[in-house]
Amino acid sequence: MRNLLLIVLVVIVTTFAGIVWTQKRYDRKYLYKEFKDKTHYLNDNQNWRNQLREEFGKNIQSLPETVKNAIIERADKDIKQQWEPLLAMEFLEYKINGNRNHYEGKNFNRRDKLMNLILAELLTQKSKYINQIANGVWLLLEESTWTWPAHIGMQKAGEGLPDPQQYIIDLGAGESSAYISWIRLLLGEQLAKLSPMFVKRIDYELDKRIVEDFLHTDFKSWMGFEGQHVNNWNIWINTNMLMTALLTVNDTLRLDVIKRAVTSADNWLDWYGEDGGCDEGPSYWYEAAGRLIQFLFYMSSASKHHMDWSSKPLIKSIGDYIYKMHIDKNYFVNFADAAAKQVADPTLIYHYGQLFNNSLMKQFGSYIYEFAGGDHYFLTDGFNGHLHQYFMELDAYPHLKTETPKAPQPLESWLPDLQVITLRTREGSPEGLFLGAKAGTNGESHNHNDVGNFILYVNGLPAIIDIGVGVYTKDTFGKHRYDIWYMQSQWHNTPTINGVQQKDGLHYAAHNVTYNKTETGLLAEFKADIAGAYPKEAQVDSWVRKLVFDRKSNVLTLDESYKLLKFVQPFKVHFITILNVTESDGRVLLKDKDVNLELNYDNNLFNVVVEQHKTNDTKLYNIWGDSVNRVTLVSKIVDKLEGNHSIVFKV
């Protein structure tokens, strides 16, 4: 097999040269340039607010009766329930033991209940729910902080209870700010009839907690004004700041707030590679690309659609990333902190398709919408407490129902900036093999130590997997992150060299990354030297990992060649699976009732060790069950500094 591959690959046409992963900041300023040229179109803001309120009411009335009845039924249950208090000791739990779920769970439930009541009131318009809405709004305004416990450490006083003399704008504060701004727009008049203090208090709290700090404080963790690389926090929060400005801020400061949100959001967009790849993985597409399309949607709407970014291929690519990482149904490539199973937001996918007149994205949105349960989506995943998102869902709803549901499932998607490749046997189908592989660096946002990792699916179902991430805890983003087992390279499909795992950090990266394919496309090759992902203790000079994808034979070959500086102990090559494992000489069978995969190796070179690890985590359990298996090929070669081997996967 090895000689045959050497002969065949002679005819491969190089399509991309060798690449070293670097984080590059571009000076695009796409958002600000459009804002600067067309700011005057935002001047008629009050009329736009009135139109937005009317359109929201009209669109929610157009929902099917079954959906409307279910919304009202849910609100009728909630109106009888007492509002839960948010307790100081629940907030302190994060500092004491790392638990953020008790406080945040009650916090989210409070907002979800309020959302239920608001939508029911908009549907019925009979003031049945307004008193409880008033109670809920007052509770939000009375909260000591809108910042989540896990982020309160941004204050000068550090972790613990919120300092009453300092407000912190984080994800939670941004969400609450936009939420309350929408409530003011949609129900401000009804609340003012109960008492004019409701609207006065809303404006006071927004100004005190949000607007002043946003205009005058550079939050180094997410704003990006010092040139630092920023992640989804930036566009997520800036989208909420934009909503606050458009919906509530007066004319004196409104454009100042919008300008600051625009310039800060450019700090995030300017770090994106031209391929549009999200280094945080598809699970964060909603909080990155999804927030961006929300931002653009409302900027366009408020400017009477004069502001337009449809001429920017980068923004299209940022949207397209989600279908490029799709495997089948609710399975997605899940590098970094992404989950292997997810339901991407169909309405945001559709709006990307709408902005670029991209039928692939429109159809993919319809595909996800249908998979998520159609109309039921508006009562489950679509019912998420974000009123600006719910408006976009209402806007997309009739189109999602009429578009042809179809997953693009491209034959290949190569993202050279992100250094991620996906390949499948047949375009538009899950049949055969699906490969997702990465090079990159161990300094990516939400990084796992996984340079050179890959996943392999058979007929759309997992065979060789990336475990992903469990429930977030204090350690997930703390100094002990890489003590967590599923963050480590030994629990990814990567080698352990001389007993040493990969190290976290931006400079622990792949080198000489190439992607090649034959003219016919039947053979494709992804190659990277991953030695740079290991610290000096690994004593490795080069470790070239090459994945050859053969569509005609439905075979994946992993070919590795290495040079060590010193031999310390036999290297190990790991493969993670949820399938049952049966081992015989030179062959490992991975099998369950739906999947069969054969792993072939040279038994003169390797011994096989099979281990099981309990997931011990509710999030991982819901995806993989109670355990995963690790198949490790342990080298038999002693004191040899150079070598190569091939491992073949076939169905």
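Bear in mind that the values in this text are calculations on the coordinates, not laboratory data. The structure presented is a predicted model; accordingly, all values stated were derived computationally and were not measured. Note that we place each Cβ from the backbone using ideal geometry, even for glycine, and neighbour counts take in every protein chain shown.
Here are a few things to note about the model shown:
- When Rg and Dmax are taken over the Cα atoms of the chain, they come to 26.1, 84 Å.
- Among the trypsin sites (Lys or Arg not before Pro) in segment 514-617, those placed in a DSSP loop whose Cβ has at most 14 other Cβ atoms within 10 Å are Lys552, Lys566, Lys593.
- The packing ranking of peptides 309-318, 638-647, highest mean first, is 309-318, 638-647, where packing means the average number of other beta carbon atoms within 10 angstrom of each residue.
- Taking other C-beta atoms within 10 angstrom as a stand-in for reagent exposure, Phe549, Phe567, Phe356 fall in the order Phe567, Phe356, Phe549, fewest first.
- Environment charge of Arg100, counting only residues whose C-beta is closer than 11 Å and scoring Lys/Arg +1, Asp/Glu -1: -1
- Nearest 10 degrees, 0 to 90: helix 387-402 Cα axis against the chain principal axis: 70
- The eigenvalues of the Cα gyration tensor, multiplied by 5 and square-rooted, give segment 22-65 an equivalent ellipsoid with semi-axes of 35, 19, 5 Å from largest to smallest.
- In the structure shown, the pairs Lys68/Lys401; Lys80/Lys401; Lys503/Lys566 are assessed against 27 Å; a Cα-Cα span above that value is assigned to Lys80/Lys401.
- Straight-distance candidates among the lysines for linking to Lys36, with alpha-carbon spacing under 21 Å and chain neighbours fewer than 8 residues away dropped: Lys259, Lys304, Lys312.
- Compared with the dominant principal axis of the Cα atoms in the chain, helix 88-97 is inclined by about 20°.
- Cross-link pairs beyond the 32 Å C-alpha cut-off, checked among Lys406/Lys572; Lys29/Lys546; Lys316/Lys438; Lys438/Lys563: Lys406/Lys572; Lys29/Lys546
- Less than 5 angstrom separates the built amide H of Ile327 from those of Phe332, Val333, all sequence-distant by 5 or more or on a different chain.
- Dipole-positive endmost among Gln294, Ile235, Tyr621 within the chain (Cβ charges, Cα centre): Gln294
- In degrees, nearest ten, helix 130-142 long axis to first principal axis of the chain (Cα): 70
- Across segment 175-181, computed HN-Hα scalar couplings (Karplus, 6.51 cos²θ - 1.76 cosθ + 1.60, θ = phi - 60°) run 4, 5, 4, 5, 4, 5, 5 Hz from first to last residue, x flagging Gly and Pro.
- Order by protection proxy (mean Cβ within 10 Å, highest first), peptides 67-75, 451-459, 345-353, 333-341: 345-353, 451-459, 333-341, 67-75
- Whole-Hz ³J(HN,Hα) from phi, Karplus 6.51 cos²θ - 1.76 cosθ + 1.60, for segment 470-476, glycine and proline x: x, 4, 5, 10, 4, 6, 4
- Global form of segment 517-572, assessed from the alpha-carbon gyration tensor, a/c cut-off 1.5: prolate
- In segment 78-169, taking the dipole from charged Cβ atoms about the Cα centre, the farthest positive-side position among Gln165, Pro149, His102 is held by His102.
- Using Cβ point charges alone (K and R +1, D and E -1), the dipole size of segment 63-180 about the Cα centre works out to roughly 280 debye.
- For segment 327-336, backbone phi angles converted through the Karplus equation (6.51, -1.76, 1.60; θ = phi - 60°) give residue-by-residue couplings of 9, 6, 6, 9, 8, 9, 4, 10, 5, 6 Hz, Gly and Pro being listed as x.
- Shape of segment 19-124, Cα gyration tensor, a/c cut at 1.5: oblate
- Annotation for segment 507-568: GluC sites (Glu not before Pro) lying in DSSP loop with at most 15 further Cβ atoms inside 10 Å of their Cβ are Glu519.
- Sites listed here are GluC sites (Glu not before Pro) in segment 201-245 whose DSSP assignment is loop and whose Cβ has at most 10 other Cβ atoms within 10 Å: Glu226.
- Cβ crowding within 10 Å, taken as a proxy for footprinting-reagent exposure, orders Met307, Met325 from fewest neighbours to most as Met307, Met325.
- Distant-in-sequence amide contacts of Asp541, defined by a placed amide H-H separation under 5 Å and a gap of 5 or more residues or a different chain, comprise Lys563, Leu564, Leu565.
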